[in-house]
Amino acid sequence: MPSLNPYLSFKNEAREAMTFYQSVFGGDLDISTFGQFEGMVQDPSENDLVMHAQLTSPDGFILMGADTPTGMNYERPAGISVSVSGDDEASLQGFWDKLADGGTITMPYDTPPWGGKFGMLTDRFGIDWMVAVNAQQA
């Protein structure tokens, strides 16, 4: 079965970001560097940059990311948010609290008109997140 997974681009901070997301969501983090594969970067000083990272959480989330070497054009992510939602209010509150640490809250995590709980923020790495507890169905 196919899967749809966020793939985040960073400029020289993918390792720090992906380790941060591991602290938020838990799970296993696999990291490959450009230096592990000959000829992947033109500048040897970039050998330790992340070519590919994959975080697989106990909840089944898969989040991927990579650094952008100088030979490639980098643009900060814009116009997209990563959404985390479900019924486990305690887990979602924990995700919110950790993602918000060092970030900027753009909509407080509170009860929206449709019920449940919802908030939006930009984390310390410039990634936009939406966190939602599903509204109870009558």
Is it fair to say residue 128 is within 22 Å of residue 4 (Cβ to Cβ), in contact with a Ser or Thr (Cβ under 7 Å, 6 or more places away or on another chain), modelled with pLDDT of 95 or more and exposed (fewer than 14 other Cβ atoms within 10 Å of the Cβ)? no
Quick check, is residue 112 farther than 20 Å from residue 6 by Cα, of a type outside the set (Ser, Thr, Tyr), out of contact with any helix residue (DSSP H, G or I) (no Cβ under 8 Å at 6 or more places or on another chain) and surrounded by fewer than 18 Cβ atoms within 10 Å (Cβ to Cβ)? yes
Residue list for segment 37-90, restricted to those being touching a Phe, Trp or Tyr at 6+ places or on another chain (Cβ under 8 Å) and under 11 Å from residue 8 (Cα atoms): 63, 64, 65, 66, 67, 68, 81, 82
When the residues of segment 29-51 are narrowed to those that are in contact with a Lys or Arg (Cβ under 9 Å, 6 or more places away or on another chain) and of a type in the set (Val, Ile, Thr), which ends up farthest from residue 63 (Cα to Cα)? 33
Wholly inside segment 1-109, strands (runs of 3 or more DSSP E) that include 3 or more residues that are over 11 Å from the mean Cα position of the chain (by Cα) and either at positive phi or free of Cβ contacts under 8 Å to residues at least 24 places away in the same chain (or both) are 28-33
Given the condition within 30 Å of residue 133 (Cβ to Cβ) and loosely packed, with under 11 Cβ neighbours inside 10 Å, answer yes or no: does some residue in segment 32-55 qualify? no
Given (1) touching a residue at least 24 places away in the same chain (Cβ under 8 Å); (2) at negative phi, number of the condition residue 126 does not satisfy: (2)
Taking the condition of being farther than 19 Å from residue 82 by Cβ and either of a type in the set (A, V, I, L, M) or assigned by TED's automatic domain parsing to the domain that holds residue 98 (or both), how many residues in segment 1-30 meet it? 1
When segment 95-109 is checked residue by residue, the ones that are over 18 Å from residue 17 (Cβ atoms) and loosely packed, with under 15 Cβ neighbours inside 10 Å are 105, 106, 107, 108
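The values are calculated or read from the model by the stated rules, or taken from the named source; none is laboratory data. Only a predicted model underlies this, so the values are computations on that prediction, with no experimental measurement involved. Because the Cβ atoms are built from the backbone with ideal geometry, glycine has one as well, and the counts that use them run over all protein chains shown.
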